[in-house]
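First up is the structure itself, then whatever we jot down about it.
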Amino acid sequence: MSTYDLIVIGAGAIGSAAAYHAARRGHSVLLLEQFEIDHQHGSSHGVSRIIRYAYDHPHYVRMSKVVYPMWRALEEDSGEQLMIASGGIDIGREHEPEIHNRVISLTAERIPFELLSTSEVLQRYPQFHLDHDQVALYQADTGVLRASHCVRAHVRLAEMRGAVVREKSHVEMISAAGDGVAVKANGEDYSAARLVLAAGGWANDLLGQVGLSLPLQVVRCQENYFAPEPAHEYEPGRFPAFIAHTQAEWGLPTYGIPSVDGSGLKVAWHGGARLGHPEESKSSPDAEVSDKARAWSKQYLPAADVALKSSRVCLYTMTPDEHFIIDRHPQNSQMVIGACCSGHAFKYSTLIGDIMVDLAMEGETSRDIDMFALSRFNVPV
Ligand SMILES: Cc1cc2nc3c(=O)[nH]c(=O)nc-3n(C[C@H](O)[C@H](O)[C@H](O)COP(=O)(O)OP(=O)(O)OC[C@H]3O[C@@H](n4cnc5c(N)ncnc54)[C@H](O)[C@@H]3O)c2cc1C
């Protein structure tokens, strides 16, 4: 049986980051992934994710202060550009909580921002045609992470530091074994001192074996890419990442990311159909969802009312309060759980991975993670 300091289950954004940070600290690491690295069935694959300070809760603004330098350090370590500056806007109405609370949290954390009127938006970003009573909260540091590159960089750099990476290795069993853990994947037995479980929407399949059931809801989302002309007007530098808090009219918030590496402009819904299990997610995109994204663009980004270039299905794993879960198993503290997606964890993945390694290997972390404790839910153990 092979033995390690740490076994990480799941090579999505979170697990790949945990493997990287553990290997970097000199631990022997085994990373087990049921599909290939950077596969399309989970939450972490793709061209782009938004990174931003502009949050309605100051705790996330504080986390952003920590995570931007960590991504820059990873860029240095990997020798590739992972983060692209774009600037970002939140579209909404000034008195509504989505804008008002961002103003409060950014102000409290001394992060500069501007509130732009409809006409100021039109001047700076003529691609947008907002309603007369809408404003845009502009924050210059908002950017785009090249998602698949980030995951691959974490995995590659972990391997370079000695981590063992097993793809197509489905974990069937986890259990506590004394102070350590036993894991079975594809019929092979492994053991380790500690376990990081970063299995995204599949987390409860394994947690049930160690007496835990988390209140997670898997949601099928869809990214839609359009290619408005002229193309350069929709690239970073000319076009911001945006979140439009227009859910009162459209059912869900809309977000968009400028065209990166020739992807086309992404326009997508923050949310989607609820699923019982990730396996229920059919991989083919839904035309109704992309048609609705195009209809949204017709109203607010008229030049983006063009035929769909491509679309792709992706999963969110939501907690009831949409905050992350980063904690140790209540009875088996050698197991650390990161079930934290809720549709906004990518930007923090390199930090969350590092925190999970703190918890697993040191038993504690200096980072403030009270907000992400399991105990806030009435979890049956
Ligand atoms: C369309 C979309 C847009 C998003 N936009 C943003 C954004 O702009 N900004 C942002 O910050 N966040 C964004 N997010 C959220 C972010 O991408 C996720 O929070 C993050 O990727 C979650 O990563 P994860 O590692 O927890 O999950 P996953 O990527 O799902 O990884 C879990 C991994 O565990 C593996 N696994 C599960 N069970 C087993 C098993 N038994 N054995 C072996 N392996 C197993 C899975 O195969 C998978 O690879 C977005 C998400 C989506 C889907």
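The values are calculated or read from the model by the stated rules, or taken from the named source; none is laboratory data. All of these numbers come straight from a predicted model, not from anything done at the bench. Quick reminder, even Gly has a Cβ in these numbers, built from the backbone with ideal geometry, and neighbours come from all protein chains shown. For the accessible areas, the whole protein counts, side chains as well, though only heavy atoms, and no ligand, DNA or RNA atoms are used. Shrake-Rupley method; radii C 1.70, N 1.55, O 1.52, S 1.80 Å.
Here are the numbers:
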read-out: Most mobile listed residue (143, 200, 363) in the chain, GNM with C-alpha springs under 10 Å; value: 363
read-out: Neighbourhood charge, 13 Å Cβ-Cβ cut-off, centred on residue 119 and excluding it, Lys, Arg +1 and Asp, Glu -1; value: -2
read-out: The chain - convex hull of the alpha-carbon atoms, volume per residue in Å³; value: 127 Å³
read-out: C-alpha center-to-center spacing [segment 167-188, segment 309-337] in angstrom; value: 20 Å
read-out: Using θ = phi - 60° and Karplus 6.51 cos²θ - 1.76 cosθ + 1.60, couplings along segment 193-210 (whole Hz; Gly, Pro as x); value: 6, 9, 10, 10, 9, 10, 9, x, x, 8, 3, 5, 4, 8, 5, x, 6, 10
read-out: Within segment 159-279, percent of DSSP bridges classed antiparallel, to nearest 5; value: 95 percent
read-out: Inter-centroid distance (Cα atoms) of segment 265-284 relative to segment 1-45, Å; value: 24 Å
read-out: Solvent exposure of the chain as accessible area per residue, Å², 1.4 Å probe; value: 40 Å²
read-out: Per-residue SASA entry for residue 371, accessible area with 1.4 Å probe, Å² rounded to 10; value: 40 Å²
read-out: Equivalent ellipsoid semi-axes - Cα gyration tensor, segment 135-251, angstrom; value: 40, 21, 13
read-out: Solvent-accessible area, 1.4 Å probe, carbon plus sulfur percent, for the chain; value: 49 percent
read-out: Chain lengthening between residue 104 and residue 76 when straightened (0.36 nm per residue, less Cα-Cα); value: 6.7 nm
read-out: Most positive-pole-ward Cα, 173, 127, 117, against dipole of segment 87-189 from beta carbon charges; value: 173
read-out: Accessible surface, 1.4 Å probe, highest first, among residues 154, 149; value: 149, 154
read-out: Among 228, 285, 126: highest mean-square fluctuation, GNM of the chain, C-alpha pairs under 10 Å; value: 126
read-out: Out-of-range pairs (alpha-carbon distance over 21 Å; input 282/347; 168/266; 266/347; 292/347); value: 282/347; 168/266; 292/347
read-out: Of all DSSP beta bridges in the chain, antiparallel share, percent nearest 5; value: 70 percent
read-out: Convex hull of segment 198-287 built on C-alpha atoms - directionally averaged projected area, nm²; value: 8.1 nm²
read-out: Net charge of neighbours whose Cβ lies under 12 Å from the Cβ of residue 161, counting Lys and Arg as +1 and Asp and Glu as -1; value: +1
read-out: Accessible surface of residue 166 - all protein chains present, 1.4 Å probe, nearest 10 Å²; value: 90 Å²
read-out: C-alpha long axis of helix 13-24 to longest principal axis of the chain, angle in °; value: 50 degrees
read-out: Two-site label geometry, residue 175 and residue 362: point separation in nm, points 7 Å out along Cα→Cβ; value: 3.3 nm
read-out: In segment 1-76, GluC sites (Glu not before Pro) in a DSSP loop with at most 14 other beta-carbon atoms within 10 Å; value: 36
read-out: Difference of contour (0.36 nm per residue) and Cα-Cα distance, residue 248 to residue 375; value: 42.5 nm
read-out: Only Lys, Arg (+1) and Asp, Glu (-1) charged, at Cβ; segment 1-64 dipole about Cα centre in debye; value: 320 debye
read-out: Net charge of neighbours whose Cβ lies under 12 Å from the Cβ of residue 281, counting Lys and Arg as +1 and Asp and Glu as -1; value: +1
